[in-house]
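Step one of this worksheet: look at the structure below.
Quick note: the coordinates plus some simple rules give every number you see, no bench work behind them. A quick note: this is a predicted structure, and the numbers were derived from the prediction, not measured. Backbone-built Cβ (ideal geometry, glycine too); neighbour counts: all protein chains shown.
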Amino acid sequence: MAVVPKVVISGMLGEREYGVLLTDRRMIFVLERTSRVGIAAGLGGAVGAVLASEMATKREFVYADADPDALAKLDGTIVVPDLSVRGVRVRRSFNGVSYAMHIEYASGDGKVKKLNCMLSAPDELMNQRKSDGAKFKVILYEYAKKAQEAFKLALPVGAREESEWLK
């Protein structure tokens, strides 16, 4: 149905960047990049910066050519069945610039799970739009709105109505 090229999930050990393939049955968060900046930051200075770049890994996929079942089986992939989604909330983050997305869903054993991520525009888009004269805040807002529309399309009607969206 759609692809959201970049969402970022932060954890204690760093950030993970995902591309999200939205199908008529599930959301497939495909791990594309892992950064261990959280670990390296503790070391500080030049050593920390070198380690952070050494510890970053990146994979890229052409989603139009990819088999969703194969993507769902890759290490680090998060699969959220559409029918398990209880609601999505997209809103401006506390910093007033970026946009956060929270997805609440039921896991296979019935437990409620939450997926918290940032809608972060891909570098190529940022660079292109900046060269066109667009402001940083505008680029992020436009990206968040487009990502939001893609998620809306993928959700069942009940979950879509229970969700909070950007205006």
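Summary table below
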{"read-out": "Per-peptide average of other Cβ atoms within 10 Å, ordering 15-28, 75-88 highest first", "value": "15-28, 75-88"}
{"read-out": "Qualifying lysines (Cα of each under 17 Å from Cα of residue 167; at least 8 residues distant if same chain)", "value": "137, 145, 146, 152"}
{"read-out": "Karplus-derived HN-Hα couplings along segment 68-85 (A = 6.51, B = -1.76, C = 1.60, θ = phi - 60°), whole Hz, x at Gly and Pro", "value": "x, 5, 5, 4, 5, 9, 5, 4, x, 6, 10, 10, 10, x, 3, 5, 8, 6"}
{"read-out": "Label-point separation in nm, residue 125 to residue 146, each point 7 Å along Cα→Cβ", "value": "0.5 nm"}
